[in-house]
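Asks: Take a look at this one; I'll ask things after.
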Amino acid sequence: MPNRKFADGEVVMGRWPGSVLYYEVQVTSYDDVAHLYTVKYKDGTELALKESDIRSQSSFKHRKSQSSSSSPSRRSSSRSRSRSRSPGPPAKGRRRSASQSREHKDDKKKTVQETSLALPVLVLFKPSENNTKRYNGEPESTEKNATSCIILEQNLKPDLEVKRVLEQYSLRSRKDDKKEEIYSEKKTFVAVKPIEKVSTKTKELEFGGRIGTFMMILLLPATVFYLLLMCKQDDPSLLNFPPLPALESLWDGRVFGVFLLWFFLQAVFYLLPIGKVVEGLPLSSGRKLQYRINGFYAFILSAAAIGVLLYFQFELHYLYDHFMQFAVSAAAFSLALSIYLYVRSLKAPEEELAPGGNSGYFIYDFFTGHELNPRIGSFDLKYFCELRPGLIGWVVINLAMLLAEMKIHNLSVPSLSMILVNSFQLLYVVDALWNEEAVLTTMDITHDGFGFMLAFGDLVWVPFVYSLQAFYLVGHPTTITWPVAAAITVLNCIGYYIFRSANSQKNNFRRNPADPKLANLKFIPTATGKGLLVTGWWGFVRHPNYLGDIIMALAWSLPCGFNHILPYFYVIYFICLLVHREARDEHHCKQKYGLAWERYCQRVPYRIFPYIY
């Protein structure tokens, strides 16, 4: 049996989440695995607390005066008078001793300090009212319609509200403004220095910790090069390992120059003063960064630039002929960018570090990203790389493969398989750029730092692995019939519909829960002020957008036939990626939403695949 400090049924004082205030609660149970106490407030609200957030009631009881010149009743009478708003004078004919007078002044001083602490409690938290229930993810009813609660985010901003009220009602002594009075377990009040923000280190390491991230730094580039070499072979079976090329053939200065030209061209498009400017989600400091939404305009300008090159008869299949060298150039650039990002992050303020990349271990922080939002002026490096060079470059590579197929096989029109792959993936990229604002709420932007993982993923993995089907079809043409093509198209449309409608439903609800169009949606309020949808797609499975993504990934691979498993690497990898990401989401959501998330999981038991997983 684990050593627990508080027993079931014991009445203790529990700290309110996100504040320094304590309330009287009763211990109802203890989780041996998570080491959390479930406590119950007087109004019935239940909350899971750590042992460090619970104190015994005796810790908050004031010590009696040590004066021996007055009786307990006299001291009690004096204390009760000092706590009144206008204490009455002593009766005539009665004199106070010097010790009684001093005791009265001391009690009065304590009373002033107690009042300054009690006032924020009354203003901020009223356990008998509904705001306490919303704060803990305990609504009056399990579900609410979107119209019954206008927006929880506007009404509940705990951290900012606590800060505002604590500034308004000072906790400082009236004699000495440089000292603060706080509760202590052994003494009623102790004078301390102003509280400084404690550095928060990443304690839970993901991706296999230091060893796992080190192996991924080596294996990710090796996997990309292996896949590209396999596609070049006549027999791309798994048992037919490709011969290794000469090292000097992997590097070409001209190819690297073309890659740099493409990267900086996209940077110029990003800086153009076109498109709206929006705010991202609040950072830990409460500040919101601004982002310019012009990815779709960048795509149009890129398409125009490619059209000009084709008009002047530039051989775009040059990409196919030097595909491996382009991949090596992109990998070298992403490695150099990752080193720069880590070095600059060492000077970044504590509040600008990524919550998941501040472990103190070089390899782990280098891989996951040490700084959350590295910027050069207003140029956001992570946000730029997320959708611009790699994602738009993916479409350009697919077009180059289409032209290479026509040239190599002397075709007047591309094959039906190549048309399907290009069309499906073009739709996906255009959709992402058209709905660019939605990326601001993703884990990549809000939680993950910008390090090797995202730099390599955005600049190498996305353009060179996601285009694997088109690259495969150039050397291994596959013929499909029109009925098969129609069936694959229907499958892709189903996946796209689930993907887009689920994301739109979530984004619209986050933006404006009071929208009349969302009146039929029900949700569970949470401690953060946000709601967890339990109807629509999000009441079907917990991650319906992942389900749509996987269906589309399968549709992209089917045009390549069934002769080899190589073109299905993408869908296999994508399932593994999304299952792992879903597990990360589950962990973060459980920490963030607490009991509300557990209730949501009971209501929506399936994670991605209905009735399966």
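Asks: List the residues of region 244-269 whose backbone N lies under 11 Å from a point placed 7 Å from the Cα of PHE379 along the Cα-to-Cβ direction.
Replies: Flagged as within label range: 264-269.
Asks: Sticking with the crude label model, points 7 Å out along Cα→Cβ, report the distance from GLU598 to LYS347 in nm, one decimal please.
Replies: 4.7 nm
Asks: Return P(r) of region 201-479 (all Cα-Cα pairs; 10 Å bins starting at 0; whole %; ordered from short to long distances).
Replies: 6, 27, 33, 23, 9, 1, 0
Asks: Rounded to the nearest 0.05, what FRET efficiency do SER501 and TYR606 have when you use their Cβ-Cβ distance and R0 = 25 Å?
Replies: Rounded to the nearest 0.05, the efficiency is 0.90.
Asks: Of HIS580, HIS588, which has the most accessible area with a 1.4 Å probe, and how do the rest follow in descending order? It would help to have the intermediate numbers written out before the result.
Replies: Working: HIS580 75, HIS588 40 Å².
The ranking, largest first, comes out as HIS580, HIS588.
Asks: Roll a 1.4 Å probe over the protein chains and send me the accessible area per residue for region 480-612 in Å². Working shown, then result.
Replies: Details: 5990 Å² over 133 residues.
Per residue, region 480-612 has 45 Å² of solvent-accessible surface.
Asks: To continue, here is another question. Which part of region 250-272 falls in the paramagnetic zone of HIS322, meaning amide N under 14 Å from the point 7 Å along Cα-to-beta-carbon?
Replies: Answer for this model: 250-263.
Asks: Accessible area of region 480-612 with a 1.4 Å probe: how many percent of it is carbon plus sulfur? Could you put the intermediate results ahead of the total?
Replies: On the way: 3830 of 5990 Å².
Looking at region 480-612 in its full context, I get 64 percent from C and S.
Asks: Given the alpha-carbon gyration tensor of region 401-489, what are the semi-axes of its equivalent ellipsoid in whole angstrom, ordered largest first, with each equal to the square root of 5 times an eigenvalue? Each step should come with its number before you reach the end.
Replies: Details: eigenvalues 202, 54, 21 Å².
The answer is 32, 16, 10 Å, longest axis first.
Asks: Stretch ARG210-ASP234 to full length: gain in nm at 0.36 nm per residue minus the Cα-Cα span? All intermediate terms of the calculation are to be shown ahead of the outcome.
Replies: Numbers: separation 24, 0.36 × 24 = 8.64 nm, distance 3.86 nm.
So the chain would gain 4.8 nm between ARG210 and ASP234.
Asks: Then there's this: Restricting things to alpha carbons, find the Rg to Rh ratio for region 462-540 using the Kirkwood radius for Rh. All intermediate terms of the calculation are to be shown ahead of the outcome.
Replies: On the way: Rg = 19.4 Å, Rh = 16.0 Å.
Reported Rg/Rh (Cα atoms, Kirkwood Rh): 1.21.
Asks: Provide the gained length on full extension for the span THR479 to LEU283, in nm with one decimal, where the gain is 0.36 nm per separating residue minus the Cα-Cα distance. It would help to have the intermediate numbers written out before the result.
Replies: On the way: separation 196, 0.36 × 196 = 70.56 nm, distance 5.15 nm.
Gain in length upon complete extension: 65.4 nm.
Asks: What ranking of GLU586, GLU350 comes out by heavy-atom accessible area, probe 1.4 Å, highest first?
Replies: Working: GLU586 20, GLU350 70 Å².
The most accessible residue leads, giving GLU350, GLU586.
Asks: From the cross-link list LYS276/LYS517; LYS530/LYS590; LYS50/LYS590; LYS50/LYS201; LYS276/LYS347; LYS517/LYS592, which pairs have alpha carbons spaced over 20 Å apart? Write down the numbers at each step before the final one.
Replies: On the way: LYS276/LYS517 24 Å; LYS530/LYS590 14 Å; LYS50/LYS590 14 Å; LYS50/LYS201 18 Å; LYS276/LYS347 31 Å; LYS517/LYS592 28 Å.
Flagged as over cut-off: LYS276/LYS517; LYS276/LYS347; LYS517/LYS592.
Asks: So if each residue of separation counts as 0.36 nm, and I subtract the Cα-Cα distance between ILE494 and LEU309, what length gain in nm does that give? Provide the component values of the computation, followed by the final result.
Replies: Details: separation 185, 0.36 × 185 = 66.60 nm, distance 3.56 nm.
Net length gain for the segment: 63.0 nm.
Asks: OK, next. With a 1.4 Å probe and all protein chains left in place, how much accessible area per residue does region 341-420 have, in Å²? Let's see the in-between values first.
Replies: Details: 2880 Å² over 80 residues.
For region 341-420, the per-residue accessible area is 36 Å².
Asks: If r is the Cβ-Cβ distance from SER59 to LYS203 and R0 is 35 Å, what FRET efficiency results, to the nearest 0.05?
Replies: Values: r = 27 Å, r/R0 = 0.77.
The pair SER59/LYS203 has a calculated efficiency of 0.85.
Asks: On a 1.4 Å probe surface of the protein chains, which of LYS382, LYS506 comes out largest in accessible area, and what is the full order? Before the final figure, lay out the partial values.
Replies: Details: LYS382 0, LYS506 45 Å².
Descending order: LYS506, LYS382.
Asks: Now a separate question. Compute the distance in nm between two label points, each set 7 Å from the Cα along the Cα-to-Cβ direction, one at PHE296 and one at LEU219.
Replies: If labels sit at PHE296 and LEU219, their model points lie 3.9 nm apart.
Asks: Moving on to the next point. Could you report region 10-58's accessible area per residue, 1.4 Å probe, as an integer in Å²?
Replies: Numbers: 2350 Å² over 49 residues.
Ligands and nucleic acids excluded, the figure is 48 Å² per residue.
Asks: For region 245-285, which whole percent of the accessible surface, found with a 1.4 angstrom probe, sits on carbon and sulfur atoms? List each step's numbers first, then the result.
Replies: Numbers: 1870 of 2610 Å².
Carbon with sulfur: 72 percent of the solvent-accessible area.
Asks: Now, a different point. For region 249-395, just list the percent of Cα-Cα distances falling in each 10 Å bin from zero outward, please.
Replies: Per 10 Å bin, starting at 0, the Cα pair percentages come out as 10, 33, 33, 19, 5, 0.
Asks: Determine the equivalent ellipsoid of region 10-58 by diagonalising the alpha-carbon gyration tensor, then write out the semi-axes as square roots of 5 times the eigenvalues, largest first, rounded to whole Å. Show your work: numbers first, answer last.
Replies: Working: eigenvalues 46, 29, 23 Å².
Largest first, region 10-58 gives 15, 12, 11 Å.
Asks: Which value in nm describes the separation of the simple spin-label points at ASP8 and ALA583, placed 7 Å from the Cα toward the beta carbon?
Replies: Inter-label distance under the simple model: 3.2 nm.
The values are calculated or read from the model by the stated rules, or taken from the named source; none is laboratory data. Owing to the predicted nature of the structure, the values given are computational and were not obtained by experimental measurement. We place every Cβ from the backbone using ideal geometry, glycine too, and count neighbours over all the protein chains shown. Ligands, DNA and RNA are excluded from the accessible area calculation, which covers all protein heavy atoms including side chains. Shrake-Rupley method; radii C 1.70, N 1.55, O 1.52, S 1.80 Å.
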